[in-house]
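Just below is one structure, and these are the notes that go with it.
The values are calculated or read from the model by the stated rules, or taken from the named source; none is laboratory data. A quick note: this is a predicted structure, and the numbers were derived from the prediction, not measured. A quick note on method: Cβ atoms are made from the backbone with ideal geometry, for glycine too, and the neighbour counts reach across all protein chains shown. Calculation scope for accessible area: heavy atoms of the full protein, side chains included, ligands and nucleic acids excluded. Shrake-Rupley method; radii C 1.70, N 1.55, O 1.52, S 1.80 Å.
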Amino acid sequence: MERIGSNQLYVGVIMFILGSAPLFELGLKAQQNAWLAMFVGALAGLVLTVMYLHLHHRAPEAGFTELYRLHFGLWLGSGIAFIHGMEQAYEAMRLVRDYGELTALTLLENTPIWLTNLVVCILAGYTVAKGVEVLFRVIELLFPIAFISYCVLAVMLYMNKLPDWHRLFPLVPLSTIVKAAIPDIMVFPYGQIVSFLAIWHCVKDKHKVTKISIVAYLSVMLMLVYGNLMIMAVLGPQLSAAATIPLLEVVQLIRLGGFLERLDIVATLLLFLGLYVKLSILFLAAVLLLQPLLHCSRAVCAWIVGTIMYFASFWERNQTVHTAIGLDFTLKMVLIFQLGIPVIMLVIGLRRKAKQKLKQQKEHIEPAH
């Protein structure tokens with residue numbers, strides 16, 4: 001079986017949750033307090049993460065499909081695994097479309113989107129076909145680049161004296177912040193860590209899975225809350241809401257020494273890295289869910305899923321429709337897999353444990369008589 005180390009798990013969780021989140025200024029329903037909505041959403045996502053880790057520890061060597069079968073039986077579990085595998089492929093497909101749209105918007109305006117989508121599907125498909133170890137080695141190489149670059153950009157914002165902390169006030173009512181955070185921010189990006197139920201069984205040190213995953217989650221939570229706060233402090237709620245990609249708007253304002261500017265290219269490349277990692281892990285989770293059901297090799301399954309993803313990425317007419325579906329239909333649909341089904345699994349497990357405990361008590365009492 002393929003194995004990944006604790007460090008690879010740590011950077012994998014961070015890069016996955018970070019992923020495409022910098023494309024958006026999340027929590028704008030809370031206006032200037034969007035960063036507080038990010039924090040509240042992260043706390044709700046942390047509860048989900050603890051639940052997923054609990055489900056994983058019931059069968060640490062079991063993959064995602066096996067977990068479904070363990071809780072729901074062979075046929076129903078296999079059916080749920082198939083639907084969830086297609087849902088993971090759907091989420092990955094949306095990132096393929098994001099990749100194409102971002103490329104056309106920023107770097108390669110004259111390159112047809114079908115070509116960009118094809119290239120990214122081939123790259124991600126090749127990585128996934130090579131397996132879990134190869135993917136997480138790639139992520140391990142990309143993490144220092146992304147982390148250092150984001151830190152440098154944050155320092156440059158201070159050097160330019162761009163943040164204005166008055167833009168973060170006044171505070172809106174707590175109910176508004178909670179409504180902005182739950183379920184939207186809880187679901188995206190934090191709840192997407194449910195995909196790691198397909199990967200946690202590959203970690204070498206099983207006893208470190210919970211600790212490393214929680215520490216990584218808290219690390220990326222702080223990064224996202226701080227990033228959201230900085231964007232709001234620089235642009236304010238009105239400009240943040242109007243900007244197509246708020247992060248690029250912020251970075252374009254950086255000017256140092258009259259010669260260092262146009263750093264939006266750096267920010268764009270960082271967005272590409274994040275999209276690639278999240279796309280690849282969602283793609284991998286889809287393949288790991290579907291492969292035991294299709295009874296084929298991982299490579300064959302990867303190319304089948306990749307082909308479906310590629311053609312499905314053109315289903316939405318334009319970026320406006322793509323975004324609208326993502327903010328409405330997709331956020332509601334994924335709640336089934338991030339919250340609904342895991343809660344049912346948790347209840348099933350607790351009920352079985354209670355029955356087993358009751359049976360043991362009866363067996364203990366009978367010999368006494």
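Roughly how tilted is helix 34-58, in degrees to the nearest 10 and between 0 and 90, from the longest Cα axis of the chain?
30 degrees
Tell me, what is the Rg over Rh of the chain, with Rh the Kirkwood radius over Cα pairs?
Numbers: Rg = 21.7 Å, Rh = 21.6 Å.
Using only Cα positions, Rg/Rh for the chain is 1.01.
I need two numbers for segment 1-114: Rg to one decimal and Dmax as a whole number, Cα atoms only, in Å.
Reported Rg and Dmax, both Å: 18.4, 51.
Mind running the shape call on segment 42-173? Use the C-alpha gyration tensor, a ≥ b ≥ c as the square roots of the eigenvalues: rounded below 1.5 for a/c, prolate if a/b tops b/c, oblate otherwise.
Oblate.
Which far-off residues, 5 or more places away or on another chain, put their amide H under 5 Å from the one on ILE4, with H placed in the peptide plane?
Amide H neighbours of ILE4, under 5 Å, 5+ apart: VAL203, LYS204.
Test of the criteria: in segment 179-248, which trypsin sites (Lys or Arg not before Pro) are in a DSSP loop and have at most 14 other Cβ atoms within 10 angstrom of their Cβ? It would help to have the intermediate numbers written out before the result.
Values: sites: LYS179, LYS204, LYS206, LYS208, LYS211; in loops: LYS204.
Counting only loop positions with at most 14 other Cβ atoms within 10 Å, the trypsin sites (Lys or Arg not before Pro) in segment 179-248 are LYS204.
I'd like the Karplus ³J(HN,Hα) series for segment 315-329: coefficients 6.51, -1.76, 1.60, θ = phi - 60°, whole numbers in Hz, and an x wherever there's a Gly or Pro.
Ordered by residue, 3J(HN,Hα) equals 5, 7, 4, 8, 5, 4, 5, 4, 5, 4, 5, x, 7, 10, 5 Hz.
If you keep only loop residues by DSSP, which GluC sites (Glu not before Pro) in segment 107-193 have at most 15 other Cβ atoms within 10 Å of their Cβ?
GLU109
Return the tail of the calculated pair distribution for segment 227-294, meaning the percent of Cα-Cα pairs more than 20 Å apart.
Values: 1131 of 2278 pairs.
In whole percent, the long-distance tail amounts to 50.
Could you calculate the FRET efficiency of THR307 with LEU171 from 1/(1 + (r/R0)^6), where r is the beta carbon distance between them and R0 is 51 Å, rounded to 0.05? Don't jump to the answer; show the numbers that get you there.
Working: r = 50 Å, r/R0 = 0.97.
Given R0 = 51 Å and the Cβ-Cβ separation, E is 0.55.
May I ask you to give the solvent-accessible area per residue for segment 1-56, in square angstrom, as obtained with a 1.4 angstrom probe?
Values: 1700 Å² over 56 residues.
Per residue, segment 1-56 has an accessible area of 30 Å².
Taking K and R as +1 and D and E as -1, what net charge do the other residues with C-beta under 14 Å from the C-beta of LEU339 add up to?
Numbers: positive: LYS332; negative: GLU87, ASP184.
Result for the local shell: -1.
Using a 1.4 angstrom probe on heavy atoms only, work out the carbon and sulfur share of the accessible area of the chain in %.
Details: 11790 of 17140 Å².
C and S fraction of accessible area: 69 percent.
At 10 °C and a viscosity of 1.306 mPa s, what translational diffusion coefficient does Stokes-Einstein give for segment 273-369, taking Rh as the Kirkwood radius over Cα pairs? Give it in µm²/s as a whole number. Walk me through the numbers before you get to the answer.
On the way: Rh = 17.6 Å.
Answer from the Stokes-Einstein relation: 90 µm²/s.
Taking a quarter of the surface of the convex hull around the Cα atoms of segment 210-348, what do you get in nm²? Don't skip to the answer; put the middle values down first.
On the way: hull surface 51.5 nm².
So the Cα hull casts an average projection of 12.9 nm².
Quick check of the Kirkwood formula: for segment 173-264, what is the inverse mean of 1/r over all pairs of different Cα atoms, in Å?
Values: mean 1/r = 0.0614 Å⁻¹.
Evaluated on segment 173-264, it is 16.3 Å.
Can you tell me the FRET efficiency between LEU253 and ARG58 if r is taken as the Cβ-Cβ distance and R0 is 45 Å, rounded to the nearest 0.05? Show your work: numbers first, answer last.
Values: r = 50 Å, r/R0 = 1.10.
Calculated transfer efficiency: 0.35.
Within segment 273-369, which trypsin sites (Lys or Arg not before Pro) sit in a loop by DSSP and count at most 12 neighbouring Cβ atoms inside 10 Å? Numbers along the way, then the final one.
Details: sites: LYS278, ARG298, ARG317, LYS332, ARG351, ARG352, LYS353, LYS355, LYS357, LYS359, LYS362; in loops: ARG317.
In loop regions of segment 273-369 (DSSP not H, G, I, E or B), the sparsely surrounded trypsin sites (Lys or Arg not before Pro) are ARG317.
Just the number please: accessible area per residue for segment 234-369, 1.4 Å probe, all protein chains included, in Å². Spell out each step's value before the answer.
Numbers: 7540 Å² over 136 residues.
Computed with neighbouring chains in place, this is 55 Å² per residue.
My understanding is that a pair violates if its Cα-Cα distance is over 25 Å; which of LYS29/LYS161; LYS130/LYS206; LYS332/LYS355; LYS29/LYS332 do that in this structure?
Details: LYS29/LYS161 27 Å; LYS130/LYS206 23 Å; LYS332/LYS355 34 Å; LYS29/LYS332 17 Å.
Going by Cα-Cα distance, LYS29/LYS161; LYS332/LYS355 fall outside the 25 Å limit.
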